[in-house]
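Before any comments, here is the structure.
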């Protein structure tokens, strides 16, 4: 039922990503393509991984993840970027099985942390995670640089390397 993603799964995973973005009211923000996803998952040095949940031979859900690192623990962990199960198949244990597989990977590899974000308005997901024993990290806020502020900061690094006085 749960297995690592294969190249042939990419179109189904990508469609689920689109469905997730629609659910999260963020569909216009999806700019990557199925080909980009394929390259990320199965290119020469992948840094992102996926597991899928199968139902009756079809991809019904996915967990897309990558390694992170805790300086306090001095070890890797797994960061779950996305977990999504087709709405019509929720409540059958597929989401839990995907998370259990990632938890098993953590334990097998000696990682002490599996973490992810959840939208504050997504009460069904928050309740699901709470039932598993997940703890919200309310004292932390997410920070993000994108677009022009990201480019401006990057340009300042190049200027300071060229002229150490700047």
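Derivation of every value follows stated rules applied to the coordinates shown; laboratory data play no part. Small disclaimer: the values here were computed from a predicted structure and weren't measured. Neighbour counts are summed over all protein chains in view; Cβ atoms, including those assigned to glycine, are modelled from backbone coordinates with ideal geometry.
Dividing the C-alpha radius of gyration of region 78-166 by 2.2 N^0.38 Å, with N its residue count, gives 1.59. So for the chain: antiparallel DSSP bridges make up what percent, rounded to the nearest 5? Antiparallel bridges: around 85 percent, rounded to the nearest 5. Given their separation in residues at 0.36 nm each and the Cα-Cα distance between them, residue 70 and residue 96 gain 6.9 nm when the chain is fully extended. Assuming a ≥ b ≥ c are the square roots of the Cα gyration tensor eigenvalues, decide whether region 65-121 counts as rounded (a/c under 1.5), prolate (otherwise, with a/b larger than b/c) or oblate. Oblate is the answer for region 65-121, as a/c is 1.5 or above yet b/c matches or exceeds a/b.
Extension gain for the segment residue 113 to residue 88, taken as residue separation times 0.36 nm less the Cα-Cα distance, is 6.0 nm to one decimal.
Averaged over residues, the count of other Cβ atoms within 10 Å places the peptides 49-58, 117-126 in the sequence 49-58, 117-126, highest first.
Across region 13-62, the volume of the C-alpha convex hull divided among the residues equals 85 Å³ per residue.
Percent of C-alpha pairs per 10 Å bin in region 38-103, short distances first: 20, 44, 29, 8, 0.
FRET efficiency for the pair residue 47 and residue 150, taken as 1/(1 + (r/R0)^6) with r the Cβ-Cβ distance and R0 = 22 Å, rounds to 0.70.
Taking the mean number of other Cβ atoms within 10 Å as a proxy for protection, how do you rank 63-69, 16-22 from highest to lowest? Can you show the working numbers first?
On the way: 63-69: 18.0, 16-22: 16.1.
Highest-to-lowest ranking by the protection proxy: 63-69, 16-22.
A helix-only calculation puts the chain at -12500 deg cm²/dmol for mean residue ellipticity at 222 nm, using -39500 (n - 2.57) for each DSSP H run of at least four residues, averaged over all residues. Convex hull volume per residue, computed on the Cα atoms of the chain, equals 170 Å³.
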